[in-house]
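Here the structure comes first, spelled out in structure tokens, and everything after it is commentary.
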Amino acid sequence: MTAADTDARLAALDGQPIDVVIIGAGVNGAGLFRDLCLQGIDCLIIDKGDFGSGTSAAPSRLIHGGLKYLETGEFRLVAQSTLERNLLLRNAPHYVKPLPTLIPIFTWTKGVWAALRTLFGSTTAPRSRGAVLVKIGLWLYDFYGSRNQVMPRHALLSRRAALRSIPGLTEAVVAAGTYYDAQVTSPERLVLELVRDGLAAHPRSAALNWTSLDPVAGETLSVRAPDGRQLSVRPKLVVNAAGPWIDEANATLGAPSAMIGGTKGSHILLDHEDLRRRLAGRMIYFEADDGRICLVYDHLGRVLVGSTDIPAADPDVVRCDDDEIDYFLVCLRRLLPGLSFDRTQIVYAYSGIRPLPASNATIPGLISRDHSAPVAEPTRARPFPIISLVGGKWTTFRGFAEEVADVVLARLGHARRISTQRVPIGGGRDFPPDEAERLTWLAQASAEAGLSTERMSQLLDRYGTTALDVAMWRGRWSDADRLPGAESYSRAEIDWIVRSEMVVRLEDIVMRRTLLAVTGDLTRSTVEAIADVAAAALGWTEAERSAEIASTLERLTTRHRMRL
């Protein structure tokens, strides 16, 4: 989607009636946008930041069925989550990958009665989940995940096998459970691809990032684009998908609410090659001393550790705090006592607020991760209804979007044209399903683009089958012209991103269109080189370029603890 394409779509919408405006382009809003566009509904989606830059950029990067939700009796949520996990493995195979997981077990029978109390409404989380409890949970997990099953079932390992499997694991274990979930390698790009899919499906829809929302004035909704232009539309219906900003957006829309009671989830990524080798592509999903669930796994060559679950209110200033880092390091030292862990190993840290429903639960981990979509009906001052998307989790975004889309379609008097269950996402279309077909695809694409198969393989992992568009780009730079300090990226690749993927800010590229920030593969020179490419493509002045560099560096160092 080029800037000219966006301008043409916005000009056609300005001052006109439109079916739906979606506020918030995180994974829930983007998923709904794609679904409605596939049904032929005219949509405008906006976000105060970049696409997928809020809570959707701060998950544990897991696509999981919600094993821990069995404890709270949320069996419907587990059934939906495991189904959606399996569908994402099929529909987004370029970003969603199987993740073998090990659960260390420290007792045989403890936790059963506590789990039963939690199941029937206790506000005390189970502690010391023993082998019996884990075995029952994994059996149920397999049962609920049997629809469209694509991964192996669980197993129970002896103590000796567990210690042999993960060298350095604490000898306090008595057994271990193994099962499969999935990880998403690039959640920010997956959100962007949902938006791009929607735009490709319906030419009368549009998307804007870095866009402010003006207070509602009768039937008119006005927004200000990042270049300062004002756009006014008359929506038949508004969907508030602003996540932790839902109450703020509803106030602007003239429908004050108190729906959100979010909790903060923080994560760190470590440069720890010894631990990464021992993990061998697996996740350890373990219980901390306080009963909270933690995780550690190999993510893009780093070790991801998470997550906390702390009541928090302001998503605009959220960051991973010192006490959270201390908590992670203590947990790791107890889990793997033979290894060394300290702050100098941290290459990136991030935090986000989960948009959970307001709750009086004393333990944040027991607040439901299920979703709802309450409706504020039209009033005399505001003639359109507002549907607010409350709660939910990354894994279930497609199912949540389908549920809300069906409500929207019914209110607009439209019938569903297509289910999104089997619709590939972005670069997942025609993705080679096995190694033989991958090699065939790479050979053909390499010959067409004139790049090596090694480079095409790198692009395929990064963009799915959209990699061919990147490889064929003939802009100002050659693919051989690489970024300083980040040689796996070329300037030509960055140029394609800037011109094709609705980039507005330098941080859009550094933090979301590429994997450079989350893996810690950045230097100041890298950031400056990316800024040079962006400035040439977007027409920035030298002052604008310098301001973008300063803003991006400040965010990376203060909010994400990077050392540049």
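The values are calculated or read from the model by the stated rules, or taken from the named source; none is laboratory data. Values in this document were obtained by computation on a predicted structure and should not be read as measured data. So basically every Cβ, Gly included, is an ideal-geometry build from the backbone, and we count neighbours across all protein chains shown. When the accessible area is computed, the model is the full protein with side chains, heavy atoms only, and any ligands, DNA or RNA have been set aside. Shrake-Rupley method; radii C 1.70, N 1.55, O 1.52, S 1.80 Å.
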May I ask you to rank 129, 333, 476, 278 by accessible area, largest first, using a 1.4 Å probe over the protein chains only? 476, 333, 278, 129
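When the helices in the chain are scored as -39500 (n - 2.57) per DSSP H run of 4 or longer and the sum is shared across all residues, what 222 nm value do you end up with, to the nearest 500 deg cm²/dmol? Present the calculation step by step, with values, prior to reporting the outcome.
Details: 17 runs with 202 residues, N = 564.
Counting only the DSSP helices, I get -11000 deg cm²/dmol.
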Region 417-564: relative contact order from alpha carbon pairs under 8 Å, six or more residues apart, as a whole percent, is 16 percent
Could you sort 282-294, 335-347 so that the peptide with the highest average Cβ count within 10 Å comes first and the rest follow in order? 282-294, 335-347
Given backbone amide H placed at 1.01 Å from N, residues whose amide H is under 5 Å from that of residue 18, ignoring those fewer than 5 places away on the same chain, are 234, 236
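Taking the radius of gyration and the Kirkwood hydrodynamic radius from Cα positions alone, what is the Rg/Rh ratio for the chain, to two decimal places? Numbers along the way, then the final one.
Values: Rg = 23.4 Å, Rh = 24.5 Å.
Checking Rg against Rh, the ratio lands at 0.96.
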Sorting 478, 165 by accessible area (1.4 Å probe), largest first, what list results? 478, 165
Note: residue 5 to residue 200 extended length (0.36 nm per residue) minus current alpha-carbon separation gives 69.1 nm
Sorted by mean Cβ packing within 10 Å, highest first, what order do the peptides 62-72, 431-441 take? 62-72, 431-441
Taking Lys and Arg as +1 and Asp and Glu as -1, residues besides residue 98 with C-beta under 12 Å from its C-beta add up to +3
Quick one: accessible surface of residue 74, probe radius 1.4 Å, all protein chains present, in square angstrom to the nearest 10. 40 Å²
Place a +1 charge on the Cβ of each Lys and Arg in the chain and a -1 charge on the Cβ of each Asp and Glu, then give the dipole magnitude about the Cα centre in debye, rounded to the nearest 20. 1560 debye
Using θ = phi - 60° and the Karplus form 6.51 cos²θ - 1.76 cosθ + 1.60, what ³J(HN,Hα) does each residue of region 430-447 get, whole Hz, x for Gly and Pro? 6, 5, x, x, 8, 5, 5, 5, 4, 4, 5, 4, 5, 5, 5, 5, 4, 5
Can you list residues whose amide H is under 5 Å from residue 99's amide H, if they're 5+ apart or on another chain and H is modeled 1.01 Å from N? 181, 182, 183
Going toward the positive end of the dipole of the chain, with +1 on Lys and Arg Cβ and -1 on Asp and Glu Cβ, which of 423, 502, 295 do you reach last? 295
Distance in Å, no decimals, from the C-alpha centre of region 424-441 to the one of region 53-71 is 26 Å
If you plug each phi of region 242-253 into the Karplus form 6.51 cos²θ - 1.76 cosθ + 1.60 with θ = phi - 60°, what whole-Hz ³J(HN,Hα) values come out, in order, with x for Gly and Pro? 7, x, x, 9, 4, 5, 5, 5, 4, 4, 5, 7
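Compare the peptides 230-240, 480-490, 513-523 by average per-residue count of other Cβ atoms within 10 angstrom and give them in order, highest first.
Ranking, from highest mean packing down: 513-523, 230-240, 480-490.
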Write down the accessible area per residue of the chain in Å², having rolled a 1.4 Å probe over the full set of protein chains. 38 Å²
Please report the accessible area of residue 210 (heavy atoms, 1.4 Å probe, ligands and nucleic acids excluded) in Å², nearest 10. 60 Å²
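Taking K and R as +1 and D and E as -1, what net charge do the other residues with C-beta under 12 Å from the C-beta of residue 326 add up to?
Value of the local net charge: -3.
In the chain, what percentage of the DSSP-assigned beta bridges are antiparallel, given to the nearest 5? Kindly include the intermediate steps, with their values, before the conclusion.
On the way: 54 of 72 bridges.
The answer is about 75 percent antiparallel.
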Carbon plus sulfur fraction of accessible area for the chain, probe 1.4 Å, in percent: 53 percent
Can you work out the Karplus-derived ³J(HN,Hα) for every residue in region 5-10? Use 6.51 cos²θ - 1.76 cosθ + 1.60 with θ = phi - 60°, whole Hz, and x for glycine or proline. 4, 4, 4, 5, 5, 5
Total charge dipole magnitude, region 466-512, about the Cα centre, Cβ charges on Lys, Arg, Asp, Glu only, Debye to nearest 20: 120 debye
